[in-house]
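Below is one structure, written out as structure tokens, with a few remarks after it.
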Amino acid sequence: MGSEMCIRDRFHLAAEEAVMAVPGLPVVVLRLPIVYGPGDLRGLMPRIVCAAVYEYTREKMEFLWGEDLRINTVHVQDAAAATWHLCCVGEARQTYNLVDDNDTSQGKFNAVLEQLFDIQTGFYGSIMSNLAQLKLEELVDEANDG
């Protein structure tokens with residue numbers, strides 16, 4: 001998604017840095033990808049729900065960026081197990097990145113949506129995606145200023 005760090009990631013990094021700045025705090029940072037499974041409200045489930053709507057409307061479901069965009073994922077049970085493990089044996093003041101070995105991409109996930117819901121999917125490409133990202137950042141900046 002370009003070289004720009006998304007707004008949410010900036011806040012996550014700022015929070016990590018603030019916690020790590022507390023001297024002597026026995027903290028471990030665990031960076032999670034898209035967490036899917038029971039309780040998934042913001043990961044893959046919204047795409048699945050939207051695909052069901054597209055099945056009903058028979059319209060093409062299109063996404064920003066392209067089919068090669070990686071969607072790093074981990075199941076909620078694996079995320080919980082990793083959290084517990086790091087709480088017990090993780091090295092204090094270290095950062096860990098968690099991801100499964102599925103090598104999921106938008107193209108691979110869309111192929112699953114197409115098969116499950118008998119829909120067509122596609123991508124807007126980088127020009128439209130970059131324009132959308134610029135507009136989103138502009139809207140967020142405007143909202144934060146107001």
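Some observations on this one:
- From the options Thr95, Thr57, residue that is within 27 Å of Ala18 (Cβ to Cβ) and polar (S, T, N, Q): Thr95
- Of the criteria (1) part of a loop (DSSP other than H, G, I, E, B); (2) over 19 Å from Ser129 (Cβ atoms), which one Ala14 fails: (1)
Rule-based calculations on the coordinates, nothing more; no lab input. Keep in mind the model is a prediction, meaning the values are calculated, not measured. Virtual Cβ from ideal backbone geometry, glycine too; neighbours counted across all protein chains shown.
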